[in-house]
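Comments concern the structure below.
Bear in mind that the values in this text are calculations on the coordinates, not laboratory data. Just so you know, these numbers come straight off a predicted model, no measurement behind them. Counting neighbours? That spans all protein chains shown, and the Cβs are built from the backbone with ideal geometry, glycine included.
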Amino acid sequence: MLPSLWRPAAAGCPPGWDGRKNYAYVIPAVHVTGRPSPGSVVRKRLILATGSGLVAAAVLSAAAGYAAHQASVVLVVDGHVQHVRTHARSVADVLKKQHIAVGPHDSVTPATNSRIHDGQTVTVTHGRLLTVTVDGVTRRVWVAANSVADALRYIGIRTAGARLSVNRFARVPLSGMDISINLPHTLSVVVDGRVQSIVTTDDTIGGALQSAGIRLNPDDEVSVPLEERPADGVTVVITRITIGQTTEQVPIPYNTVTTYDSSLYVGTRKVSQLGHNGVLVRTYRVTYANGTERSKQLLSSQVSVPPTPQVVLVGTKPIPVAPAPTYSVKSDGLNWAALARCESGGRPNLVDPPYYGLYQFTLPTWRAVGGRGLPSDASPSEQTYRAQLLYQRSDWRRQWPVCGHYLFS
């Protein structure tokens, strides 16, 4: 929009003084009586007034244009606020005129190529190099933030419930800083027969247990190394270890001492002194895990009662030889020799379990007719004697079903 006093110049009018071609400054009409002559004072004054007015109008127009392009800007640099008036056309020009350098790690809002308008706020936050350690893992990161809280939000670390090495509201110096963060972790602790859940921001498992008021005895066992860092889902099992002593009495078997005695017959044994076990006392160091015995170590062993030997007398006196019994075999008219040949081939010592001897007795049958020992060890006469008794007491067909008929041959 042109100033109200600018009008298109008439044809052939020279350019205005400020370089706008084909425009001339037109002053308000001056009413003069009559037509002034070319050399009249009125005409000269008119020309002079016209030139002076043109210059004054140009100056005023330039001043108005200069003031129109000046903007008021609020400049916030690292949290420090200053108000400046500038003719800069862009954010970059404002920063350059204020001698504020920005680098690749700095934040500028709005962008440096944005145009400036009156009342604009330009925020510059210079980058800081942080060394951040989260749960023992360290990394270095550039942040454009003034406070610790803003810096952590900038890099996306949520610190609700976390333990920080610095105040959340502390300013981050331009030189950077070190920040250590322990995030909260939930552990399950099994101890003293109970399971409890604890939330911790400690550096180690041991520190977490201590903060939770869980006391560890010197001999207690922990399923996770105490120096290990806490992590969600970890279960810590604490085994209470106690040490004690116990004693036990162990019997010491007595020995048997054999003494030969000529006053006793051979085969005779007689206890002349009863034996008694001794007592051995053993002392152990016992290790208990949660009250249950796990192991024990022998500390000492001592005989409190010695054993008493048992004395046995063994006879050496010869036994008088008794005359061998004689068995009278009755003549009953039966052919016992033929039966023996059929049953055993006539061999009195034949053993064919469960049958023995001349007539192939079974042991129950032999004993039923008064026999002792094995039939095959008895004399032929005794075997025939016992066979006759058996014949008299039972049915011969059942006793000798195959060979019995030879009795009548």
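General remarks:
- Restricting the trypsin sites (Lys or Arg not before Pro) of region 70-173 to loop positions (DSSP other than H, G, I, E, B) with no more than 15 neighbouring Cβ atoms within 10 Å leaves 89, 158, 168.
- Scanning residues 5 or more positions from residue 261 or on other chains, those with amide H under 5 Å from its amide H are 314, 315, 316, with H placed 1.01 Å from N in the peptide plane.
- In plain terms, the chain from residue 158 to residue 349 could stretch by 58.3 nm, reckoned as 0.36 nm per residue minus the Cα-Cα distance.
- In straight-distance terms, cross-link reach from residue 296 covers every one of the aspartates and glutamates whose alpha-carbon lies under 19 Å from its own, apart from those fewer than eight places away in the same chain; here that gives 219, 220, 221, 248.
- In region 337-396, the trypsin sites (Lys or Arg not before Pro) that fall in loop regions by DSSP, at most 15 other Cβ within 10 Å: 372
- Straight-distance candidates among the aspartates and glutamates for linking to residue 330, with alpha-carbon spacing under 14 Å and chain neighbours fewer than 8 residues away dropped: 382.
- Here 223, 90 are placed in order of increasing Cβ neighbour count within 10 Å, fewest first, which gives 223, 90.
- Straight-distance candidates among the aspartates and glutamates for linking to residue 270, with alpha-carbon spacing under 19 Å and chain neighbours fewer than 8 residues away dropped: 261.
- Taking θ as phi - 60° and the Karplus parameters 6.51, -1.76 and 1.60, the scalar couplings of region 154-166 work out to 4, 9, x, 9, 8, 10, 4, x, 7, 10, 10, 7, 10 Hz in sequence order, x denoting glycine and proline.
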